[in-house]
Amino acid sequence: MLEVRNLHAGYGIVPVLEDVSLSARAGEILLIGGENGAGKSTLMRAIAGFNRPTRGEVLLEGRPMHGMAPEAIARAGLRLVLDGHRVFPELSVYDNLRMGAAARRGDRVGFDAAIEEIYTVFPILKEKHRKYARDLSGGQQQMLALGQAFVAQPKVLLCDEPSMGLAQALLPQILSFLRKWAETGTAVVIVEQHLQVTAPYADRAMIVERGRVRFECPAAELDARLAAEAALEQAGAGR
């Protein structure tokens with residue numbers, strides 16, 4: 001569904017990503033971890049078209065996205081949910097969801113069904129559907145941001161730090177929603193710091209370090225692989 005080949009990207013003349021490749025298949029979750037400053041958010045923004053890659057390519061269902069504007073990439077079926085609860089604060093909860101469905105005009109039945117599903121998964125949004133988004137808590141705004149993406153029914157969802165600003169008790173609810181969403185056939189890529197909490201919901205994991213892919217493995221093996229990498233580092237430091 002999504003393929004990234006040998007991607008290089010950064011900010012102006014400052015390089016951040018070097019030769020990063022990844023893939024995400026329909027129905028699976030790819031978890032991307034790494035320390036702050038490793039380039040994870042830059043990778044998400046480059047895939048979605050906000051940071052133009054200097055080299056490499058991004059393909060959606062085999063179709064190159066090179067040179068396309070972010071809104072064109074979104075219309076093609078790829079959505080990015082940024083960290084920091086990016087919603088429209090002066091619009092109601094319901095109108096925020098309507099904005100998310102702008103790409104599927106004319107599909108009123110599908111939109112209504114998606115709205116009802118979001119309200120079932122996150123009943124607090126139904127309870128507050130007439131409230132301004134600015135009056136929601138941080139966790140509720142994150143739910144709303146995910147709802148905006150869900151009603152658009154993208155083929156690929158990129159989710160950057162869904163735990164940012166959330167009470168940790170809410171993260172499993174968010175991750176369960178993303179797991180069920182992936183199982184409908186969407187390819188989901190999650191950037192997250194809380195690897196131990198997130199890995200059980202993912203299929204594969206990838207660790208980025210200093211703008212490069214350090215390793216990739218099945219998500220179930222992530223803890224063991226991280227422990228092995230840490231042991232190798234300590235042994236190297238000892239020598």
Within the stretch 91-127, how many residues turn out to be buried (at least 18 other Cβ atoms within 10 Å of the Cβ) and not in a helix (DSSP H, G or I)? 2
Of the residues in the stretch 154-179 that are among the polar types (S, T, N, Q) and in a helix (DSSP H, G or I), the one that is farthest from the chain's Cα centre (by Cα) is Gln168
If Leu2 satisfies every condition in (1) closer than 27 Å to Gly139 by Cα; (2) crowded, with 21+ Cβ neighbours inside 10 Å but one, which is the exception? (1)
Consider Leu226 carefully, then state whether it is in contact with a strand residue (DSSP E or B) (Cβ under 9 Å, 6 or more places away or on another chain) and part of a helix (DSSP H, G or I). yes
Quick check on this structure: which one of Arg52, Arg79 is on the phi < 0 side of the Ramachandran plot and either aliphatic (A, V, I, L, M) or surrounded by 14 or more Cβ atoms within 10 Å (Cβ to Cβ) (or both)? Arg79
Go through the stretch 192-203 and give me each residue that's outside any helix (DSSP H, G or I), in contact with an Asp or Glu (Cβ under 8 Å, 6 or more places away or on another chain) and farther than 7 Å from Leu31 by Cβ. Gln193, Asp203
Going by what's in this entry, would Ala224 be described as among the aliphatic types (A, V, I, L, M), more than 30 Å from Leu59 (Cβ to Cβ), at pLDDT below 90 and surrounded by fewer than 21 Cβ atoms within 10 Å (Cβ to Cβ)? no
Just for the stretch 8-33: of the residues that are over 20 Å from Ala205 (Cα atoms) and among the aliphatic types (A, V, I, L, M), which one is surrounded by the most Cβ atoms within 10 Å (Cβ to Cβ)? Ala9
Filtering the stretch 154-173 down to residues that are in contact (Cβ under 8 Å) with a residue 40 or more places away in the chain and among the small types (Gly, Ala, Ser) yields Gly165
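The values are calculated or read from the model by the stated rules, or taken from the named source; none is laboratory data. Not measured: the values here are computed from a predicted model. Neighbour counts are summed over all protein chains in view; Cβ atoms, including those assigned to glycine, are modelled from backbone coordinates with ideal geometry.
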